[in-house]
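Quick notes on the structure that follows.
The values are calculated or read from the model by the stated rules, or taken from the named source; none is laboratory data. Quick caveat: nothing in here was measured; it's all calculated off a predicted structure. Cβ atoms come from the backbone with ideal geometry, glycine included; neighbour counts cover every protein chain shown. Remember, those area values only see protein heavy atoms, side chains included, never the ligands or the DNA or RNA. Shrake-Rupley method; radii C 1.70, N 1.55, O 1.52, S 1.80 Å.
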Amino acid sequence: MNVQDLHRRAVEEFDRRVQALTEAMWDRETPCCPGWKVRTLVNHLVNENMWTPPIMHGSTVEEVGDRFDGDLLGDDPKGVWERSSKEAVAAVQEDGAMERTVHLSFGDVPGREYTMQLFADHLVHAWDLAGAIEADGRLDPELVEACAEWFESVEELYRSSGAVGERADVPEGADAQTHLLARFGRSA
């Protein structure tokens, strides 16, 4: 499957949950990280979205610096989410973006690899957000399959760096989504 399409579709998965948010939901706890509220989770992905264009255009982590630190949502959290996600998707969709070298904190990688990381984060956090707001947590099965296939080769690296928690237990007969979420440390 096309990596650019995977990213766009995962952003859309997260966006569906953002669009369902009411004012009363922004302070709800999320299942992903202790102490994270819905606002924290959405801010995290806005941060990631805002990093995407400069990183995809060749900036280093040092050059981007701390300009995207702190609360990015302000008084218009949904609007900020929408603008940042459109800009991130546009940067990923550019011709040649997957072949570019991007400069991440741990080294240089092809744009394709960076985009897969973004894809996985948006997809898994779509489930987190759904759980926090009691929305439909079913993820697109094609996206689940693509994420599981990619994560196979990087899972231990992610776990050893602390990017994901320990694998959660999976009940017998669990579906592919439950297995994927468990690999990211979530109990579905």
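Restricting to the range 172-185, name every residue that is open to solvent by 70 Å² or more (accessible area, probe 1.4 Å) and either part of a loop (DSSP other than H, G, I, E, B) or of a type in the set (K, R) (or both). Answer for the range 172-185, where residues must be open to solvent by 70 Å² or more (accessible area, probe 1.4 Å) and either part of a loop (DSSP other than H, G, I, E, B) or of a type in the set (K, R) (or both): E172, G173, D175.
For the range 32-88, the tally of residues that are among the small types (G, A, S) and part of a loop (DSSP other than H, G, I, E, B) stands at 6.
The helices (runs of 4 or more DSSP H) found entirely in the range 110-171 that carry 3 or more residues being open to solvent by 30 Å² or more (accessible area, probe 1.4 Å), in contact (Cβ under 8 Å) with a residue 24 or more places away in the chain and of a type outside the set (G, A, S) are 111-133, 141-152.
For the range 172-186: of the residues being of a type in the set (A, V, I, L, M) and free of Cβ contacts under 8 Å to residues at least 24 places away in the same chain, which is farthest from L129 (Cα to Cα)? Per the criteria, the residue is A174. S105 fulfils the conditions (1) open to solvent by less than 40 Å² (accessible area, probe 1.4 Å); (2) within 21 Å of V46 (Cβ to Cβ) except for a single criterion, (1).
Quick check on R39: is it open to solvent by 10 Å² or more (accessible area, probe 1.4 Å), touching a Phe, Trp or Tyr at 6+ places or on another chain (Cβ under 7 Å) and closer than 27 Å to A90 by Cα?
Values: open to solvent by 10 Å² or more (accessible area, probe 1.4 Å): yes; touching a Phe, Trp or Tyr at 6+ places or on another chain (Cβ under 7 Å): yes; closer than 27 Å to A90 by Cα: yes.
Considered against the rule, which asks whether it is open to solvent by 10 Å² or more (accessible area, probe 1.4 Å), touching a Phe, Trp or Tyr at 6+ places or on another chain (Cβ under 7 Å) and closer than 27 Å to A90 by Cα, R39 comes out as yes.
Of the residues screened, Y158 is not one that is under 18 Å from the mean Cα position of the chain (by Cα), within 20 Å of T60 (Cβ to Cβ) and among the aromatic types (F, W, Y).
State whether one or more residues within the range 43-53 are over 22 Å from V164 (Cα atoms) and open to solvent by less than 40 Å² (accessible area, probe 1.4 Å). Checking the range 43-53: at least one residue is over 22 Å from V164 (Cα atoms) and open to solvent by less than 40 Å² (accessible area, probe 1.4 Å). The residues in the range 115-164 that are at pLDDT 95 or above and among the hydroxyl-bearing types (S, T, Y) can be counted, and the count is 1. Checking V11, V18, V38 one by one, the residue that is in contact (Cβ under 8 Å) with a residue 60 or more places away in the chain, touching a His at 6+ places or on another chain (Cβ under 6 Å) and under 18 Å from S84 (Cα atoms) is V11 and no other.
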